[in-house]
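Peer 1: Dropping the structure in here first, questions after.
The values are calculated or read from the model by the stated rules, or taken from the named source; none is laboratory data. The model shown is predicted, which means the values in this text are computed figures rather than measured ones. Glycine gets a Cβ as well: all are built from the backbone with ideal geometry, and neighbour counts include every protein chain shown. Only protein heavy atoms, including side chains, enter the accessible area calculation; ligands, DNA and RNA are left aside. Shrake-Rupley method; radii C 1.70, N 1.55, O 1.52, S 1.80 Å.
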Amino acid sequence: MTSETSPAPSDAPADVPAGAPSDASAGLLVLAGTPIGDVADAPPRLARELETADIVAAEDTRRLRRLTQALGVQVGGRVVSYFEGNESARTPELAEALAGGARVLLVTDAGMPSVSDPGYRLVAAAVERDVRVTAVPGPSAVLTALAVSGLPVDRFCFEGFLPRKAGERRARLADVAAERRTLVYFEAPHRIDDTLAAMAEVFGPERRAAVCRELTKTYEEVRRGPLAELAAWAAEGVRGEITVVVEGAPEPGPADLDAGELVRRVRVREEAGERRKEAIAAVAAEAGVPKREVFDAVVAAKNAEKKDAEKKDAEKKDAGRNAAR
């Protein structure tokens, strides 16, 4: 376990910004939150950090330029890009600068660094070199969406972006289908309809959710309802940056799940790539019922489908014979 301590503000000289290292030879990594929509939400300390940092690492330097213009501040140090495509290559360079005593400010396009944005690698590199890391807390789409969702927020987990491929997306959703905590996702507008449809299928059509679009911006919208209803709405097309909040799974109970629901959950897991034996065991654990009960439900459903297919086949043959007469 490692710990970091900061000198009390009253101990710092008046001309030393809050969060500055007490040792002049030690560097400091500052993670700063940026507005997720309304520039007026920028934390007051952000302007000072932009002016005093030796290096400002920005996810998009063009967006940084627009932000500084809106805030009326001048960046005092060197500006470098730091995004997904160059994060691995640039981290050692920034880590060396930190080890040499530089004050490095990391900002992303919106929200807090490291949360589905660049930052984790640089923080880990700084910690490895015993360089202090601090933050300028700022706006967060995750917390904002949770706050306005109308869903329980006492316990939640952030799942980031789901995989693009349908099979991988279903598998990821199946992994958290029994999660009791409220779930938070980011999603792109051109995939939100497929994502909500997959959620309705895996989590159940009646699971409550909220789609939060363009938070803090002019066209902010929060659409609440069952997943099936939201999926139908999204099929018409949705624009903007989207955060999805989904209600956690209900407490398990044998009375809550009939045989049909048990079979549905097994099939969802099978389609996601699980073997039937593993899927049955997982569903039994989720539902709080014996594995035998789930197995029997699956076998009964399979037999019923077989009989139904045989019946339809026989009817088709009879129709053909009648037509030949």
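Peer 1: I'd like to compare 155-161, 142-148, 198-204: which one has the highest average count of other Cβ atoms within 10 Å, and what's the full order after that? Don't jump to the answer; show the numbers that get you there.
Peer 2: Values: 155-161: 14.7, 142-148: 18.7, 198-204: 21.6.
In descending order of packing, they fall as 198-204, 142-148, 155-161.
Peer 1: Counting only C-alpha contacts under 8 Å and six or more residues apart, can you give the relative contact order of region 181-325 as a whole percent?
Peer 2: Value for region 181-325: 22 percent.
Peer 1: Also, quick follow-up: Tally Lys and Arg at +1 and Asp and Glu at -1 over the other residues with C-beta under 15 Å from the C-beta of Val73: what net charge comes out? Working shown, then result.
Peer 2: Values: positive: Arg45, Arg48, Arg63, Arg65, Arg66; negative: Glu49, Glu51.
Combined, the nearby Lys, Arg, Asp and Glu give +3.
Peer 1: Could you give the dipole magnitude of the chain about its Cα centre, charging the beta-carbon of Lys and Arg +1 and that of Asp and Glu -1, in debye to the nearest 20?
Peer 2: Around 1300 debye, computed over the chain.
Peer 1: Averaging sequence separations of C-alpha pairs under 8 Å and six or more residues apart, then dividing by the length of the chain, give the relative contact order as a whole percent.
Peer 2: Numbers: 544 pairs, mean separation 47.8, N = 325.
Once divided by the residue count of the chain, the mean separation gives 15 percent.
Peer 1: Students often get this wrong, so check it: of Lys277/Lys307; Lys165/Lys311; Lys277/Lys311, which have C-alpha atoms separated by over 26 Å?
Peer 2: Violating the 26 Å Cα-Cα cut-off are Lys165/Lys311; Lys277/Lys311.
Peer 1: Separate question: So what's the net charge close to Ser149: Lys and Arg +1, Asp and Glu -1, counting the other residues with Cβ under 12 Å from its Cβ?
Peer 2: Details: positive: Arg208, Arg223, Arg224; negative: Glu247.
So the environment of Ser149 carries a net charge of +2.
Peer 1: Right, something else. Under a 5 Å amide H to amide H cut-off, with H placed in plane at 1.01 Å, what residues pair with Gly111 once short-range neighbours are removed?
Peer 2: Long-range HN contacts for Gly111: Thr34, Ile36.
Peer 1: Among the aspartates and glutamates, which fall within straight-line cross-link reach of Lys302, defined as a Cα-Cα distance under 17 Å, with same-chain neighbours fewer than 8 residues apart omitted?
Peer 2: Asp258, Glu261, Glu270, Glu271, Glu293, Glu310, Asp313
Peer 1: Run the quick spin-label model on Asp60 and Ala232: label points 7 Å from Cα toward the beta carbon, then report their separation in nm to one decimal.
Peer 2: 3.5
Peer 1: So what is the accessible area of the chain per residue, in Å², with the probe set to 1.4 Å?
Peer 2: Counting only protein heavy atoms, the per-residue value for the chain is 54 Å².
Peer 1: Over the chain, what per residue volume does the convex hull of the Cα atoms give, in whole Å³?
Peer 2: Per-residue hull volume (Cα only) is 195 Å³.
Peer 1: Moving to a separate point now. Using alpha-carbon pairs under 8 Å, 6+ residues apart, how would you state the relative contact order of region 88-237 in percent?
Peer 2: Working: 166 pairs, mean separation 26.1, N = 150.
Result for region 88-237 is 17 percent.
Peer 1: For Gln69 and Lys302, FRET efficiency with R0 = 41 Å and r from the beta-carbon atoms, rounded to 0.05?
Peer 2: Efficiency computed from Cβ-Cβ geometry: 0.05.
Peer 1: While we're on this one: Could you run the Karplus curve 6.51 cos²θ - 1.76 cosθ + 1.60 with θ = phi - 60° over region 303-308 and give me ³J(HN,Hα) per residue in whole Hz, x for Gly and Pro?
Peer 2: Once rounded to whole Hz, the list reads 5, 5, 5, 5, 5, 5.
Peer 1: Any chance you could give the angle, 0 to 90 degrees and rounded to 10, that helix 87-99 forms with the longest Cα principal axis of the chain?
Peer 2: Taking Cα atoms only, the helix is inclined about 30 degrees.
Peer 1: Would you mind calculating the gained length between Lys277 and Glu315 on full extension (0.36 nm times residue separation, minus the Cα-Cα distance), in nm to one decimal?
Peer 2: On the way: separation 38, 0.36 × 38 = 13.68 nm, distance 3.43 nm.
Extending this stretch completely gives an extra 10.2 nm.
Peer 1: Please report the net charge: other residues with Cβ closer than 9 Å to the Cβ of Asp117, K and R +1, D and E -1.
Peer 2: On the way: positive: none; negative: Glu59, Glu84, Asp109.
After counting each charged neighbour, the total is -3.
Peer 1: I've got another one for you. Per DSSP H run of at least 4 residues, take -39500 (n - 2.57); add these up for the chain, divide by its residues and hand me the 222 nm value, nearest 500 deg cm²/dmol.
Peer 2: -13500 deg cm²/dmol
Peer 1: When the chain is modelled as a GNM with alpha-carbon springs shorter than 10 Å, which of Val80, Val56, Val104 fluctuates the most?
Peer 2: Most flexible of the set in this elastic network: Val80.
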